[in-house]
Amino acid sequence: MNILHAIQARFRAALAGLVPDPEPFVAMIKPTQDAKYGDYQANCAMSLAKALGKKPRDVAQELVDRLDLANLLEKPEIAGPGFINLRLQSGWLGQQVCAIANDERLGVAIASPAKTYAIDYSSPNVAKPLHVGHLRSTIIGDALTRLLRFLGHTVITDNHLGDWGTQFGILLYGYKNLLNKDAYAKEPVRELARIYVEVRNRIAQAGGGDDEEEARHPIADVCRAETAKLHHGDVENNQLWQEFMPHCLEEIHEVYTKLGILKFNHEHGESFYNPLLPGVVDSLLQANVAEEGDGGAIIIRISKDNVSLVRKRDGAFTYTTSDLATIQYRLEHFKPNAMLYVVDFRQTQHFANLFEAAKRWGVTGVEMTHISFGSVLGREGKPISTRKGDGTELIDLINQAVVRGLEKYEASHAERTAAGHDVPELTDDAKSAIAETVGIGAIKYADLSQNRTSDYKFDYDKMLATEGNTATYMQYAYARNRSIFRKADVDPATLRANPPNVTLDSSFERALALQLLRLEEALLSAVAEYQPSAITAYLWDVAKAFSGFFQNCPVIQAETDALKQSRLLLCDLTARVLKQCLGLLGINVVERM
Ligand code: ARG
């Protein structure tokens, strides 16, 4: 069910005789910002008037006269210079609500044609603990994957681990010089993390915050030499790399599990592409995409003073070479229609150059998009520093959110008990499940509800607020909604199987029905911009409409049984829409809180 599409179809037909190509005009139909102008508004009469050399209001009238309103729209109203205000027939809305009552997909169609997406997200540099900087790519990528899959697309996920970089030089140095063998035998992940931080700190202390000073530090020199040995096939370093990798992955996967991130289809790190790099450079040279630059380096000249290096003077390959190999591999093995990269804004230039280079290399007919995002800021508004090992580890942030989630639950439990509500006493297990759901949901929602290109402040109090556009609010709204059915002693499944007539006489009922039927529209707009915040904005609209409905329309105490059934169905659909949308964001709900 897509209301916008239904209206657009009527306009398409009405425009057909007037202009050769109705589509640009059809695209000018939008939901209204303010319900007093109706439900949707068509703003095409002004540009249409220009095209036809007529007066806008006359054109609007002509269009309205040609419009088939039957079983969909009330008589439209022409406002101002020629806006056409559209109001849906309440009877039609009621029928549509009925029609999706028993639909698992809540009226959302499967995309046709379905596409294949290769999506690269999370992609941390391994060998050091995950920190807050890894949060956004992981959460946004996970949400987009869930969304695209729900819409029926094939999504191949690939965690493009940075498993071949200089950080291994640091680990190798630390292992050879600072290892506590007993600790490593007992808890290898912890010990590797410790030596990593230890080496970094030693270098940082000597440098006193000056990057160049740090780079000249003798330990930094040795670390670089260790990395070079690894890359040149040194047996000991390669064996150690083999030994470290599973420990590094274990640490990362533990965080993913805790966060409830989907399992990746592939985790081909940079190391996977290493054997392909010489061939990539040869191919680039042969195709005249790359050329020899100063001193024998191989470069791709993107523009006059913008070049990408693909082989350094010393023969080492670069991040770009590895990404070009990755593109080639994904094209061959995944056959995608689109390749998406969820990576922070600091890599904007890298991806712009990469996509341009790929095009020149012959990659065409496939979308390549950098899904960029801003930084996570501390409460004082500065980026949380992660460089010198003082940034909080991601796992600690998550655990902290879970602790806060429990506090939140307990406070609300005490408050409701004191107010004389009938609040269930839960087992400790049930309570920790709630704490996890609330705490982790709060982190994810706070992130996903931002326009992804903006920075945002990481603030537990805000993200766990029970009022406002937060996961906590949505989770409570869901649980409260479910409790209506327990109180009414109605099984929602039975209601869905035999949906009652839905009447929308109250403006609150009508407003809620309209929102519930806008699910597909919201999901499609989230996909169009790769913007999960379109889903949270929609959730907020649904939640507000529900709250208006619930305050003004008695459900269990409705005047007639028919009205009660009709309202119960609206409640049930609201709960399902909330659960579905939260699920697409990777956020769980609990049935009672
Ligand atoms: N490992 C990189 C980093 O942490 C991100 C990799 C993103 N994916 C890619 N194909 N370049 O900066």
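The values are calculated or read from the model by the stated rules, or taken from the named source; none is laboratory data. Please read all numbers here as calculations on a predicted model, not as lab measurements. In this analysis, Cβ positions are derived from the backbone assuming ideal geometry, glycine residues included, and neighbour counts consider all displayed protein chains.
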Just give me the residues in the range 109-147 being farther than 18 Å from Ser372 by Cβ, away from the ligand (no atom under 16 Å from the Cβ) and hydrophobic (A, V, I, L, M, F, W, C), in sequence order. Ala109, Ile110, Ala111, Ala114
Taking the range 78-101 on its own, how many of its residues are part of a strand (DSSP E or B) and touching a residue at least 40 places away in the same chain (Cβ under 8 Å)? 6
If Leu377 satisfies all but one of (1) of a type in the set (A, V, I, L, M, F, W, C); (2) within 13 Å of the ligand (Cβ to nearest atom); (3) closer than 23 Å to Gly133 by Cα, what's the number of the condition it fails? (2)
Hits in the range 353-363 - residues which are out of contact with any helix residue (DSSP H, G or I) (no Cβ under 8 Å at 6 or more places or on another chain), in a helix (DSSP H, G or I) and in contact (Cβ under 8 Å) with a residue 12 or more places away in the chain: Phe355, Glu356, Arg360
Condition broken by Tyr341, with the remaining ones in (1) within 13 Å of the ligand (Cβ to nearest atom); (2) assigned to a loop (DSSP other than H, G, I, E, B) satisfied: (2)
Pairs, first in contact (Cβ under 8 Å) with a residue 40 or more places away in the chain in the range 406-418, second assigned to a helix (DSSP H, G or I), C-beta under 8 Å, six or more apart: Lys408/Val438; Lys408/Thr472; Tyr409/Lys431; Tyr409/Ile434; Tyr409/Ala435; Tyr409/Val438; Ser412/Tyr476
Expected output for the range 44-69 (first residue buried (at least 17 other Cβ atoms within 10 Å of the Cβ), partner among the charged types (D, E, K, R), Cβ below 6 Å, 6+ apart or cross-chain) is Leu67/Arg10
Look through the range 164-197, keep the residues that are at pLDDT 95 or above and not in a helix (DSSP H, G or I), and return whichever of them is farthest from Glu226 (Cα to Cα). Asn180
Out of curiosity, is Arg452 among the basic types (Lys, Arg) and closer than 29 Å to His370 by Cα? yes
Looking only at the range 423-453, and only at residues there that are more than 18 Å from the chain's Cα centre (by Cα) and either outside any helix (DSSP H, G or I) or of a type in the set (Lys, Arg) (or both), the one that is nearest to Pro532 (Cα to Cα): Lys431
Going by the structure shown, is Pro532 in contact with a Phe, Trp or Tyr (Cβ under 6 Å, 6 or more places away or on another chain) and closer than 25 Å to Gly586 by Cα? no
Of these, His333, His370, His350, which one is part of a strand (DSSP E or B), within 16 Å of the ligand (Cβ to nearest atom) and either of a type outside the set (Val, Ile, Thr) or within 26 Å of Val255 (Cβ to Cβ) (or both)? His370
If only one of Glu250, Glu236, Glu254 is without any contact (Cβ under 8 Å) to a residue 60 or more places away in the chain and either part of a loop (DSSP other than H, G, I, E, B) or away from the ligand (no atom under 16 Å from the Cβ) (or both), which one is it? Glu236
Here is a check on your reading of the model: is Ser123 surrounded by 15 or more Cβ atoms within 10 Å (Cβ to Cβ) and not in a helix (DSSP H, G or I)? yes
Within the range 346-366, residues being more than 22 Å from Arg301 (Cα to Cα) and either modelled with pLDDT under 95 or not β-branched (Val, Ile, Thr) (or both) number 1
Kindly establish whether Glu104 is of a type in the set (Asp, Glu) and either assigned to a loop (DSSP other than H, G, I, E, B) or farther than 26 Å from Leu15 by Cβ (or both). yes
So is Leu331 aliphatic (A, V, I, L, M) and touching a His at 6+ places or on another chain (Cβ under 6 Å) or not? no
Could you list, in sequence order, the residues of the range 264-319 that are exposed (fewer than 15 other Cβ atoms within 10 Å of the Cβ) and of a type in the set (Asp, Glu)? Asp282, Glu291, Glu292, Asp294, Asp305, Asp314
Could you tell me which numbered condition Leu309 fails, if it satisfies all but one of (1) under 35 Å from the mean Cα position of the chain (by Cα); (2) free of Cβ contacts under 8 Å to residues at least 60 places away in the same chain; (3) part of a helix (DSSP H, G or I)? (3)
Per the list (1) near the ligand (Cβ under 10 Å from one of its atoms); (2) in contact (Cβ under 8 Å) with a residue 60 or more places away in the chain; (3) closer than 17 Å to Tyr256 by Cβ, residue check on Gly165 breaks on (3)
Given the conditions (1) buried (at least 19 other Cβ atoms within 10 Å of the Cβ); (2) within 39 Å of the chain's Cα centre (by Cα); (3) not in a strand (DSSP E or B), and given that Pro20 satisfies all but one, which numbered condition is not satisfied? (1)
How about the range 191-211: which of its residues are out of contact with any helix residue (DSSP H, G or I) (no Cβ under 7 Å at 6 or more places or on another chain) and charged (D, E, K, R)? Arg194, Asp210, Asp211
Within the range 403-418, does at least one residue satisfy the condition of being within 16 Å of the ligand (Cβ to nearest atom) and either more than 23 Å from Thr257 (Cα to Cα) or of a type in the set (Gly, Ala, Ser) (or both)? no
